[in-house]
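Report on the structure given below.
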Amino acid sequence: MTLVHKSSRRRIYHANAYQFVFSALRHAQENLGRDRSNENTGHVSANELLKGVQELAQEHFGLMTVSVFSDWGITSTEDFGKIVFELIEAGEMRRTDDDHMEDFVDVYDFQKAFVDDYEIDTARAFSRS
């Protein structure tokens, strides 16, 4: 998936969800060292994007992630796929022949990823810097 900006249409999910997907895409591209200016080298897979979603959500929302996503109408990784394919259809993202909606289904469980496995990094709180 590659970022393309065009005018927005009526959306199914909260507007913040779409902006978050774009942020997660940039986050994933940066972490993977992908060239965002080129659609071939900037592409990320569904798993790579969803990893970016997970990392960015934990960073920004912490233990509130499930609640925030729920408020946006997002309850599973499949919802992120629906957002991505809605953006593709609107011409705001691009896809390759290897990108499929099924790639977003049941990738991880929100409760496990954002609550049960969530770890608070206390390293800075207890460091002597």
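The values are calculated or read from the model by the stated rules, or taken from the named source; none is laboratory data. Computed from a predicted structure; not experimentally measured. Glycine gets a Cβ as well: all are built from the backbone with ideal geometry, and neighbour counts include every protein chain shown.
Of everything in region 99-129 that is of a type in the set (Gly, Ala, Ser) and surrounded by fewer than 13 Cβ atoms within 10 Å (Cβ to Cβ), the residue that is modelled with the lowest pLDDT is SER129. Taking the conditions (1) modelled with pLDDT under 95; (2) in contact with a His (Cβ under 8 Å, 6 or more places away or on another chain); (3) under 12 Å from VAL21 (Cβ atoms) in turn, THR96 satisfies each one other than (3).
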